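A short reminder: the numbers here are calculations on the coordinates, not readings from a lab. Here the structure is a predicted model, which is why all the values come from computation and not from measurement. Here the Cβ positions follow ideal geometry from the backbone for every residue, glycine too, while neighbour counts run over all protein chains shown.
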Amino acid sequence: MKTVSILGATGSVGTSTLDLVEREPGRFRVRALTANCDVEGLAAAAIRTGAELAVVADEGCLPALRSALAGTGVETAGGARAVVEAARLGADWTMAAIVGCAGLEPVMAAVEAGGTVALANKEALVSAGEVVMAAVRQYGATLLPVDSEHNAIFQCLSVDRPHEVRRIILTASGGPFRDWALDDMARVTPAQAVAHPNWSMGAKISVDSATMMNKGLELIEAARLFPVPSDRIEIVVHRQSVIHSLVDYIDGSVLAQLGPSDMRVPIAHALAWPDRMATPMEPLDLVKLGRLDFEAPDETRFRSLWLARAAVEAGGARPAILNAANEIAVAAFLAGRIGFLEIAAIVDDTLSRYDPPAPETLDAVLAIDAEARSIAGERVQKGRVKDPV
Ligand code: NAD
Ligand code: MG
């Protein structure tokens, strides 16, 4: 039996993971489940799976969790430190599916526990890539990419032969506004931005997909995970989201991974790895699909793409600042405080105001993250940016 912990168990990736774990009760045993404050969702999942421990990051939600789980035998805890401790408990396999840099310390704790960490929480790797990857090597942990593109690359790449790889091609759906004029994009509402054409996801990543910052973060994530430099990682818009990414080899062979746009496919790959497990997916019907389209991304309308590429090429603290400012700007957009195009403008502005030296420790990354949030927050306070483009 494989022991499993799920950090961010009540979110989109978390519930997809639970769905797979619960399909094979004889194969997996649940240790810890964590959430921010969704007591109802967390308690129900803990009872269904017979989890050892349920943790809420928001301490104010602990009394409700305690009463929901009274008499069930599931242990409870609350607070951000308790989430880190739950990750540190270690399991054979830990799903890191907390959203944002809030997931960084739990990811580090799971890595330090030395098991297999299935990584959905891309922000952790964008902010602290070198620190996380150094810890993976130091503690002998195994990091498996769950983001669908990175999981696709992982399936297609011979990691021990990077010199034979010519390019990695990351596919992007282009989000809901891929065909919109810039003037119309300026008036986008949060409800329009979270309605993704192909995938059902949490609010933050849905907005990131709409600005294409998601693909920018994924470019940085890919450069951290795989031994291929960022200038050999290309982005192609592929509106059907059937090909999840491709690897181009020096002999002209291009390997791709295809599948439905359902996160249970890459999660199942990581959960069973190095074996495979069945999922309830219908077989891919190529004839019904008929065609697959590809086009170049438009970096004028989707400014986040070049901001992210510039950040990964400059390295150091740039990716952490980009990520922190983006988290603040996306939250402000979702709260109706700024316009859609101002998200990238705030990220750009924060990057131009703050240029600390490269962080070498987790604490240094967290300090840069906090300072960048504060600078981006001031920019939000100032109100609308006149000419965000
Ligand atoms: P979500 O918003 O649906 O869920 C987030 C989870 O994190 C919830 O369980 C929530 O309770 C918890 N959480 C939120 N804030 C927290 C905090 N401060 N401390 C502790 N826990 C907290 O998000 P999601 O769509 O499941 O995405 C999770 C991560 O996976 C993100 O990093 C996202 O980029 C990545 N990802 C998601 C998808 C997808 O299809 N949803 C695909 C690829 C990658
Ligand atoms: Mg992705």
>> Against the 2.2 N^0.38 Å scaling, with N counting residues, where does the chain land? I'd like the Cα-based Rg ratio to two decimal places.
In response: 0.96
> According to a simple spin-label model (label point 7 Å from Cα along Cα-to-Cβ), what is the distance in nm between residue 66 and residue 167?
Replying inline: 5.8
> About the Cα centre of region 179-263, what is the dipole size in debye to 20, counting +1 per Lys and Arg Cβ and -1 per Asp and Glu Cβ, all else neutral?
Replying inline: 220
> Among 158, 14, 74, whose Cα lies farthest out toward the positive end of the dipole of the chain, if unit charges sit on the beta carbon of Lys, Arg (+1) and Asp, Glu (-1)?
Replying inline: 74
>> Let me check I've understood the local charge: for residue 133, count other residues with C-beta under 12 angstrom from its C-beta, Lys and Arg +1, Asp and Glu -1. What total comes out?
In response: 0
>> If the only charges are +1 at each Lys and Arg Cβ and -1 at each Asp and Glu Cβ, what is the size of the charge dipole of region 275-354 around the Cα centre, to the nearest 20 debye?
In response: 160
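What ranking, highest mean first, results for peptides 193-201, 35-43, 280-288 when packing means the other Cβ atoms within 10 Å averaged over each residue?
Sorting 193-201, 35-43, 280-288 by mean packing, highest first, produces 35-43, 193-201, 280-288.
Peptides 18-24, 247-253: what's the order by average Cβ count within 10 Å, highest mean first?
Taking the mean over residues of other Cβ atoms within 10 Å, the ranking is 18-24, 247-253.
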>> Please give the charge dipole size of region 15-121, origin at the Cα centre, charges +1 on K and R Cβ atoms and -1 on D and E Cβ atoms. Round to the nearest 20 debye.
In response: 200
